Structures are given as C-alpha cells and as structure tokens.
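Below: one structure, written as structure tokens.
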Amino acid sequence: MSAEPRLVEVRKNVLKQNDVIARALRERFRQAGVLAVSLVSSPGSGKTAFLERTLALLHARYKVAALVGDLATENDAARLARSQAPVRQIITGTVCHLEAAMVQNALDGWDLNHLDFLFIENVGNLVCPSSYDLGEDLRFVLLSVTEGEDKPLKYPTIFNSADVAIITKSDLAAAVEFDEAAARRNLQAVRPGMEVFKLSSKTGEGMADCLDFLDRRRISPSVAGPQLRNNSGDSFGH
Amino acid sequence: MAEEESERRGGAHVQAVHLRIGLLSGVVKEALLSSYEMACQSTPLEGSQLLIEEIPVEVFCPKCQAPRLVQSIQWFACPECGTPTPTVVRGRELEVIALEIKE
C-alpha cells in the first residue's frame, strides 16, 4: 500500500448511457424505415405550431406520429392530437431536456414499422438539449423572427448541433423589422452549410419547401438521415 | 462513474477526478465545479477535487486539408484561409479521464 495517491486511467464518456440508448434508437428507426426528426428552440419559438401544421399537412400522405416534451403540462399533446396523428406527451418534471431513455420509454407499444415520420419535440431550451442525442436522424432548430437575428451567436452550441434551421413566424417579420440576411449569415457562421427554411406556421407561407425537404429525406431514410447526422462532424461523438 | 470505480477498488478514497470537457459539449466548467461539491457529499468522493481540462474546438479545413483550431465558436471557419467548415474534429468531449486514488 502506497501513501501517495495513484492515477488510475478511466477514459469514460460521461453521457455514455444516453449515447448507447440513442444509437439503439437510431438503428431501430432505420430498420423500421421511419425518419425521426427532433425539434429544439427556446420556449415560444413555435415548435408546437410548426408541428401542428406539419402533422396536418403530412397526415394525408404519410403515417406520422409525435412525441412532445414538456416540464409540466399536456397542453401540447392535446393541441397536436387534433391532427389525428398519434401523439404522446413526455412530462419531464424538473428536467429541462429530453434524454434518449425518455424517448425509448415513450415509444413503448408503438409499431414503428407502420410509421413514415416520427417527430420529437424537445423541451423549450437552447442549452441542455444540445448535449443529448435522442437517436434522431435530423435535428431542426427553430428561430422565430421576434427573437432577434443574433440567437445563433448567443447559443452556438445548439445551433451547431442541428442539421436544419427553421425561421418561424415569418408573417411577423416586417412588424419586428427582422433582418433576414443577418440571421442567415449568423446561422451559416455557427453551422456552415446548414439548410434554412423561412416560414409561417400560421399562414402556411414557406411550409411547402420544408415539406418537400422532408419528402426528399424520407425517400431513402437509411442513406439520407444518418449520413447527414454523421456529416456534421460526428455531432454526438463525445 | 467515479464512485463505481472507487467501489470496485474496495471503497478506495478518490482524491481527484480528471475531466475533459469540449467547448461544444454543452457543459459549463463553472456550473459543474459549483455543483460538484454538493454532489459528492456523503459519498467516497467527498472532499475530492474536480480537475477540468477544457478542449478547444478543432475543425477540419477542406481547403488546407488539415485540422485547425477555430478562434471562436461563433465562426466555424479555418483561421488560416477563412474557408467555412462544419466538420468538427474535437471539442464535443465530456469524459472522465482519470482518478487519483489513495488505497
């Protein structure tokens, strides 16, 4: 027994458990041929409104379902259920983000083989969700015109972790003198090559382009989805 | 994790935990340090030190064909030639590297 402290090498990923579950989920989605898309944004950017419109529009052609995370209420699930798509609420309690295990539990009993799209709405938060891989193929980050063009510069980590940016509430852009060029410049600075859509979930303006994009991604999800995620520099390779 | 390792070694006293966090890991050093002491109370880690090594963000520049450290995480581009690049090589780490143990 030595009196001196000994250095023991460990080298363990702190979020390993989450990443293991996320990898298994991603493989499950791939095998079932379902494209999993997660949504992150600050509270009130319009995730639920975007999802409401998207589910309603996709429902005619595809089998779609959604999981929605919230700290305390089931309001979002109730809103989304009007689209007729299966929707489940994940109540996180005091946890400010979704984790892969919560997604796994929420999927219990659902046959993914019957689905084309699965949307996962994260808790409104631009900080913690960036560290948790949920097994999604694509991560959408939403930015509403009322939030200011510099949001990507204030939260570069989460914007960098996303594959697609959606500028929401475009119907209010003129009223708040939204500088779209600056917003796009800031998005490209923190995530070069990022796909950007500008739309209004309220009026439907710009929705078609975004749905076309989802359409194209779905054609061969096994190629398009995970490949895009890996292209972003091993987004979650902690 | 460190607690498990300590248990595996028959409750050896952990004096320090070496952690590596990337600037893109989403974890803030200060926040982690302030919560560490609280989390360690009444565990074999009580009184131990948390030593954090911060890892800068390194991207791969497609033009220079080389890894480069970005100057700011608000601008993902090669500091040498200015080419924008989304390919992150380093900076997302969140790992326990080593433990200092007194047996």
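General observations
- Taking the numbered list (1) in a helix (DSSP H, G or I); (2) out of contact with any Lys or Arg (no Cβ under 7 Å at 6 or more places or on another chain); (3) among the polar types (S, T, N, Q) in turn, A:Thr48 passes all entries but (2).
- Boolean, A:Val87 is over 30 Å from A:Gly206 (Cα atoms) and out of contact with any Pro (no Cβ under 6 Å at 6 or more places or on another chain): no
For (1) at the interface with another protein chain (Cβ under 10 Å from one of its Cβ atoms); (2) in a strand (DSSP E or B); (3) within 27 Å of A:Thr157 (Cβ to Cβ), each residue gets a yes or a no:
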site	(1), (2), (3)
A:Leu7	yes, yes, no
A:Val20	no, no, yes
A:Phe29	no, no, yes
A:Val37	no, yes, yes
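- Residue list for the range A:51-67, restricted to those being out of contact with any strand residue (DSSP E or B) (no Cβ under 8 Å at 6 or more places or on another chain) and assigned to a loop (DSSP other than H, G, I, E, B): A:Ala60, A:Arg61
- The one condition in (1) at pLDDT 95 or above; (2) surrounded by 21 or more Cβ atoms within 10 Å (Cβ to Cβ) that A:Ala182 fails to fulfil: (2)
- Pairs with Cβ under 7 Å, 6+ apart, first in the range B:61-77 and within 17 Å of A:Asn160 (Cβ to Cβ) and more than 12 Å from every other protein chain (Cβ to nearest Cβ), second at pLDDT 95 or above and part of a strand (DSSP E or B): B:Arg68/B:Glu58; B:Arg68/B:Val59; B:Arg68/B:Cys61; B:Leu69/B:Glu58
- A:Asp163 being at pLDDT 95 or above and under 20 Å from B:Gln74 (Cβ atoms): yes
- In the set B:Glu80, B:Glu4, B:Glu53, only one residue is surrounded by fewer than 18 Cβ atoms within 10 Å (Cβ to Cβ), free of Cβ contacts under 8 Å to residues at least 12 places away in the same chain and acidic (Asp, Glu); that residue is B:Glu4.
- Residue match in the range B:27-45 (condition: buried (at least 16 other Cβ atoms within 10 Å of the Cβ), out of contact with any Cys (no Cβ under 6 Å at 6 or more places or on another chain) and either within 7 Å of another protein chain (Cβ to nearest Cβ) or modelled with pLDDT of 95 or more (or both)): yes
The values are calculated or read from the model by the stated rules, or taken from the named source; none is laboratory data. Computed from a prediction, not measured in an experiment: that's the story for all the values here. Because the Cβ atoms are built from the backbone with ideal geometry, glycine has one as well, and the counts that use them run over all protein chains shown.
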